[in-house]
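The values are calculated or read from the model by the stated rules, or taken from the named source; none is laboratory data. Values in this document were obtained by computation on a predicted structure and should not be read as measured data. Note that each Cβ is placed from the backbone with ideal geometry, even for glycine, and that neighbours are counted across all protein chains shown. The area values use the complete protein model at the heavy-atom level, side chains included, leaving out ligands, DNA and RNA. Shrake-Rupley method; radii C 1.70, N 1.55, O 1.52, S 1.80 Å.
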Amino acid sequence: MVITSPTLLARSRGADKYWKQRRILRLSAHYYGRRQNCYSIAIRSVRRALQYSTLHRRLNKVMYKTLWEGRINASCQELGTTYNDMYATMDQAGVALDRKILQNLAIWEPRSFRALALLTKAKQEEEGLNSLDGPVPAGVVTRGML
Amino acid sequence: MSAVGRVQQWATFGRMWYLFDAKWQNPFHSADKIKDILTGTHKPIYHDLNDCGDHVVVINSSDIALPGVEWEKRVYFHHTGYAKGASWTLAWELHHKDPTMILRKTVYSKLGKNLLRRGRMEKLHIFPDDKIPDSILENVSAQLRQMRPIPKRLDHYTREEVEKFPKVVPAQINLHLIGVPHTSI
């Protein structure tokens with residue numbers, strides 16, 4: 001702070017405080033009652049709201065992941081597979097699409113999603129997943145061999 | 001919106017009315033499937049707040065089949081709110097009083113315990129027999145597959161089917177088996 005004259009020595013602290021409070025009250029503009037206009041009440045709500053938003057950035061990712069998995073599973077069930085089987089087989093098939101893109105395809109590009117699901121089903125049969133037919137792993141003796 | 005677009009919109013967001021025959025079905029397993037339909041989890045556009053659930057019309061709820069000793073052992077709790085108002089009712093007693101209650105309570109308990117539950121239960125219509133009001137019947141558009149296959153009764157097989165069935169011991173024995181069309185094996 002620059003004090004260049006005796007009159008300015010009488011410090012006015014109002015301007016700074018006003019803008020600090022304005023910064024908080026701008027965030028509380030949509031609150032109920034005195035919480036939106038009175039600083040000492042609004043600061044409590046705004047602090048909690050900011051803490052929630054920081055902590056829930058983590059929860060957001062979890063929430064969207066479960067939503068996307070549920071949506072992909074719904075589309076998979078219509079096509080005769082499950083999300084777990086499809087997602088695991090996509091890795092083997094070399095398709096590197098994430099859950100966000102897959103759920104977008106399931107909603108907006110159903111035929112592309114269907115193609116991917118059938119691809120994974122065919123890959124599963126090739127790999128021998130979930131089936132008693134197909135090649136037997138080394139070291140295993142099955143009834144048919146005897 | 002084009003005609004094709006309009007058809008797509010209706011096909012995606014239109015509410016379906018599914019019919020489910022609960023005859024000889026396990027209500028606990030059936031309720032898992034029914035709750036998925038009521039919440040809309042079977043659709044790729046699912047979200048809790050989307051209101052994308054479909055209606056389910058259940059018929060023959062008086063013929064449900066509980067597993068094991070559930071009829072004798074399972075109790076349903078009710079409290080009137082007044083003092084000494086607690087009651088525990090056995091499943092068979094509750095079924096005698098109201099044949100739709102067991103399935104209704106099962107679905108209610110399987111739905112998410114939130115404010116959307118009551119609205120979703122409104123979309124479930126249970127009838128003890130196969131008599132459905134016309135106002136509901138005209139909405140029904142599809143049927144849900146039963147989870148437990150119903151075996152065919154021996155006396156419902158025709159004589160030709162019995163005779164054509166491959167025999168283990170082709171001996172000339174005339175047997176009169178109770179409930180089976182009389183034939184020689």
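Things to note:
- For the range B:3-155, the solvent-accessible area with a 1.4 angstrom probe is 61 square angstrom per residue.
- Convex hull (Cα only) mean projected area of chain A, reported in nm² to one decimal: 18.3 nm²
- Surface/4 estimate of mean projected area, convex hull on alpha-carbon atoms of the protein assembly as shown, nm²: 38.0 nm²
- Among B:80, A:142, the sequence by solvent-accessible area, most first, with a 1.4 Å probe is B:80, A:142.
- Applying both filters, DSSP loop and at most 12 other Cβ atoms within 10 Å, to the trypsin sites (Lys or Arg not before Pro) of the range B:35-84 gives B:84.
- Taking the Cα centre of the range B:35-93 as origin and assigning +1 to Lys and Arg Cβ atoms and -1 to Asp and Glu Cβ atoms, the resulting dipole is close to 220 debye.
- Most positive-pole-ward Cα, A:29, A:50, A:106, against dipole of chain A from beta carbon charges: A:29
- Angle in degrees between helix A:110-127 and the longest Cα principal axis of chain A, rounded to the nearest 10: 50 degrees
- Within the accessible area of chain B (1.4 Å probe), percent carbon and sulfur: 58 percent
- The residues of the range B:46-75 listed by number as losing at least 20 Å² of accessible area in the complex, against the isolated chain and with a 1.4 Å probe, are B:46, B:47.
- FRET efficiency for residue B:147 and residue A:50, using Cβ-Cβ distance with R0 set to 35 Å, rounded to 0.05: 0.10
- Gyration tensor over alpha-carbon atoms, chain B, equivalent ellipsoid semi-axes in Å: 39, 28, 13
- Rounded to 10°, Cα long-axis angle of helix A:39-79 versus longest principal axis of chain A: 10 degrees
- At least 50 Å² of accessible area lost relative to the chain alone, listed for the range B:2-44 with a 1.4 Å probe: B:44
- Total accessible surface hidden between B and A, rounded to 100 Å², 1.4 Å probe: 600 Å²
- Residues of the range A:64-104 whose accessible area (probe 1.4 Å, heavy atoms of protein chains only) drops by at least 10 Å² once all protein chains are present, relative to their chain alone: A:67, A:70, A:71, A:74, A:75, A:78.
- Remark: the range B:3-155 carries a charge dipole of roughly 420 debye about the Cα centre, counting +1 on each Lys and Arg Cβ and -1 on each Asp and Glu Cβ.
- The charge dipole of chain A, taken about the Cα centre with unit charges on the Cβ atoms of Lys, Arg (+1) and Asp, Glu (-1), comes to about 2020 debye, rounded to the nearest 20.
- Where only DSSP H runs of four or more residues are counted, chain B gives -9000 deg cm²/dmol as its mean residue ellipticity at 222 nm, each run worth -39500 (n - 2.57).
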